[in-house]
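The values are calculated or read from the model by the stated rules, or taken from the named source; none is laboratory data. The structure presented is a predicted model; accordingly, all values stated were derived computationally and were not measured. When we count neighbours, we look across all protein chains shown, and the Cβ atoms used for this are built from the backbone with ideal geometry, even at glycine. All accessible areas refer to the heavy atoms of the entire protein, side chains included, with ligands and DNA or RNA removed. Shrake-Rupley method; radii C 1.70, N 1.55, O 1.52, S 1.80 Å.
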Amino acid sequence: MSTQSAVTISLVKEAEGGPFVFWHDLAAGYAKAAELGYDAVEVFAPNAEAIPVDELKALTAEHNLKVAAVGTGGGWVIHKWHLCQPDAASRDNAKGFIRSIIDAGAQLGAPAIIGSMQGRFEGEVGREQALDYLRSALNELGEHAKAAGVPLIYEPLNRYESNLLNRAEDVMAFLETLDTDNVKILADLFHMNIEEASIADALRTYGRHIGHVHFVDSNRRPAGCGHMDYGPIAAALKEIGYDRYASAEAFPWPDSDAAAKATIVAFNQYLA
Ligand code: LER
Ligand code: MN
């Protein structure tokens, strides 16, 4: 099996202006994705209750499009919860929020992504303390996801979004300290373009630990609309035998339909 294609649909009003291709209309997003030949959609919902599992199952059957992953960032965007907050109650809110999204996604066979919900260290919480909080949350939530039959996807972010773990070498050293074996890495090419000396080498460093890819260009426009050099990236993904999703998480530039079209053209050129 080779890499599969996916495209994001955001249902989060508070995230408007963010890097998601389709917005607010699952049926329309599925129809367009199917028309363009995508394999799956990635759904970003405000909370677990807003993931309409039955509707998604029906759309999946109608269009033969799977759900590649579900995002958890609504907990941060809407509630400002994250996993490294100083008070245990806020960290528990963050964990409970993520747990409920893992459960909803699992009903669709889709793993949950922890991106902005990882948070950052600041104020009274030092770096080591924050990494301890993150480690214990990933252990707990990773095992929870395992029991539900899905991996848990951890997404390293660039320095302007998190000060925890920005580069593949640091992420891998941290990953080795986890007790669970159910946490996979999301390689978001936009974040990696900011942080890595070589995106292709960093993908090789992650190797078989990559569980999801955000396929996007250097400027967070759709693949092919910036200055990303996809040849070496595609070669590295092939070399490590990557066979999961490359998902369009990009600005709807110049509009949603054109962004979805541009991405699938680049996907077919480099990754299919
Ligand atoms: C945030 O920048 C991002 O890349 C998302 O996938 C995670 O919340
Ligand atoms: Mn991302």
Inset, instruction - Report P(r) for the stretch 4-50: all Cα-Cα distances, bin width 5 Å, range 0 to the bin holding the largest distance, values in whole percent. - result: 5, 23, 32, 23, 12, 4
Inset, instruction - Hand me the tally of lysine pairs in the chain: alpha carbons under 21 angstrom apart, and the pair either on different chains or 8 or more positions apart. - result: 14
Legend entry - Mean accessible surface per residue for the stretch 4-270, computed with a 1.4 Å probe while every protein chain stays in place, in Å²: 39
Inset, instruction - Mind pulling the per residue volume of the convex hull built on the Cα atoms of the stretch 53-198? Å³ is fine. - result: 120
Inset, instruction - Measure off, as a whole percent, the carbon and sulfur share of the 1.4 Å-probe accessible area of the chain, all protein chains present. - result: 48
Legend entry - 15 Å beta-carbon shell around residue 109, net charge (K/R +1, D/E -1): +1
Legend entry - Two-decimal Rg to Rh for the stretch 4-270 - Kirkwood Rh, Cα set: 0.94
Legend entry - Quotient of C-alpha Rg and 2.2 N^0.38 Å, computed over the stretch 25-81: 1.19
Legend entry - the stretch 63-114: trypsin sites (Lys or Arg not before Pro) in DSSP coil with no more than 16 other Cβ atoms inside 10 Å: 80
Inset, instruction - Please work out the Cα center distance from the stretch 224-272 to the stretch 167-195, rounded to the nearest Å. - result: 20
Inset, instruction - Could you bin all the Cα-Cα distances of the stretch 128-272 into 10 Å bins starting at 0 and give me the percent of pairs in each, rounded to whole numbers? - result: 12, 40, 33, 14, 1
Legend entry - Taking N as its residue count, the alpha carbon Rg of the stretch 191-272 over 2.2 N^0.38 Å: 1.03
Legend entry - Span per principal axis, largest first, for the Cα atoms of the stretch 150-232 (Å): 40, 25, 21
